[in-house]
Amino acid sequence: MRKLLDDKKAIFYLLVSSIFIAVMIVVFLAYKEYAYTDKQKVVETRIRTINDFIKSMDTDSERVIFISGFRSLIALEDYVARTGHYLDNSAEYFRLAFYNGTVNGTRVDLLVNSSYYDYLVKLRIIAGRMGMSIDVNVTNITLYQESPWSITVNVTAKINLTDQKGLARWDFSKVYNTSVSILSIRDPVYSVATSGRVPNTIRITNITDFVASDNDTSNLMFHISYSYYNASALAPNFLMRLEGRLNESSACCGIESFVNVPDLRTQGVVYDASKSIIDYILFSNVTGYDNVSCARNTTDWFKIDQNHSVKYEVDGLLYHC
């Protein structure tokens, strides 16, 4: 009987021990699973945070490119106006102004804290506060025109983004691009040709019918008096104007205005009265626009070449002058 009781006690102790060990194993495994899940959630949260940071870079880059690009174009036109000389390479001048905030090696006040490099410095500071290290290597900056009224700026960059705790790392290349408006920027052609005495801001005309059916030229003269701009394949685009290349831009993006001659006379600017008063024709030696006429119901200084007479609806009003 005693042996039987001892055996029962042993079995009971064995059973209790087994249950205790099983419970401990379950608790241990559950703790490990919880710890793993908790760590996984931390990593997932961190990854989402960094992904949100990368997305914000996309939005911020577009805004920064627009601001830096617009100010760079103003700075370049101002440099042309002050020196009285066109740029020999507008793309290179733009890249330096856009990235470094300098024009011809001189820091421009307009671009202080507004260059793309300034943005990258701020980006590194913000990333550091979030526990990240970021390195942005800008490999190329290009610009071109797809519209008469804006310039597209592309910034190609290689980006390395690392979590300082070693949880994650991103290494990728990205092209950021934004259209930068040229509206409200002065036309460099006017600045150079008039020595800055008759500047002209680029503004789009809202006139579509220049001459009414009764040969009323009021709209045309209003268009001329403010030297508003029109798109034209015969005219140079804005980047060409910065370089003084005043031949036609061919397929895309040329713009032109009529010069308001009384403004030239008021400021004592000498001009060739035998030429068409389209800006790039009057202010240059481009050829192919020699057939010039006057038009009834306009003014004595209005002259236009045959290439533009139909577009501005005066072909039925022309006479030799």
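Miscellaneous remarks
- For residue 201 and residue 58, a Förster radius of 30 Å and the Cβ-Cβ distance give a FRET efficiency of 0.40, rounded to the nearest 0.05.
- To the nearest ten degrees, helix 116-129 and the longest principal axis of the Cα atoms of the chain are 20 degrees apart.
- Only one residue of 170, 75, 299 has its Cα farthest out toward the positive end of the dipole of the chain, where Lys and Arg carry +1 and Asp and Glu -1 on Cβ, and that residue is 170.
- Environment charge of residue 133, counting only residues whose C-beta is closer than 13 Å and scoring Lys/Arg +1, Asp/Glu -1: +1
- The sum of -39500 (n - 2.57) across all DSSP H runs of n ≥ 4, divided by the residue count of the chain, sets its helix-only mean residue ellipticity at 222 nm to -14500 deg cm²/dmol.
- Around residue 62: net Lys/Arg minus Asp/Glu count, Cβ-Cβ under 14 Å: +1
- For the stretch 188-319: relative contact order, % (alpha-carbon pairs under 8 angstrom, 6 or more apart): 21 percent
- When you count the other C-beta atoms within 10 angstrom of each residue and take the mean per peptide, 79-87, 62-70 line up highest first as 62-70, 79-87.
- Each other residue within a Cβ distance under 15 Å of residue 316 adds +1 if Lys or Arg and -1 if Asp or Glu, for a net charge of -3.
- Helix axis angle, 90-100 relative to the chain longest principal axis, alpha carbon, degrees: 40 degrees
- When each of the peptides 103-112, 150-159 is scored by how many other beta carbons lie within 10 Å of its residues on average, the order from highest to lowest is 150-159, 103-112.
- Under 25 Å between alpha carbons - lysine pairs in the chain that sit 8 or more apart or on different chains: 18
- Highest to lowest packing among 185-193, 119-127, scored as the average C-beta count within 10 Å: 185-193, 119-127
- Shape call, the chain: gyration tensor on alpha carbons, a/c limit 1.5: prolate
Any read-out appearing in this document is the output of simple, stated calculations on the displayed coordinates, not a laboratory observation. Everything numeric in this text was worked out from a predicted model, so none of it was measured. In this analysis, Cβ positions are derived from the backbone assuming ideal geometry, glycine residues included, and neighbour counts consider all displayed protein chains.
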